[in-house]
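One structure is given below, encoded as structure tokens.
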Amino acid sequence: MPTVYTEVEVDVDLSDFDTTDLVDELERRGMGLEVANQTGTELLTVIYQKRRLGQDYQRELDDLIYVGIGRIA
């Protein structure tokens, strides 16, 4: 039986997707971002808030890097 490959071009923008849908898809693929029960989004929120207040956010940044690539410098 022959194999047939079809190519389709679709214009899609990430803004077409809801953030929740994207996070759900990552978690479904086993790529969810969590450190000590904090998601990547929660860590980013803490970093943002501490940065705005001029507070040290190095620990949270380290956690976020670890979540993202599994390494700490």
Worksheet item: When only residues in region 1-35 that are under 18 Å from Thr45 (Cβ atoms) and of a type in the set (A, V, I, L, M, F, W, C) count, which is modelled with the highest pLDDT?
Response: Leu22
Practice prompt. Among what's in region 42-73 and is among the aromatic types (Phe, Trp, Tyr) and at pLDDT 90 or above, pick the residue that is surrounded by the fewest Cβ atoms within 10 Å (Cβ to Cβ).
Written response: Tyr48
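The values are calculated or read from the model by the stated rules, or taken from the named source; none is laboratory data. These figures come from a predicted structure and were not determined experimentally. Cβ coordinates were reconstructed from backbone atoms using ideal geometry, including for glycine residues, and neighbour counts include every protein chain displayed.
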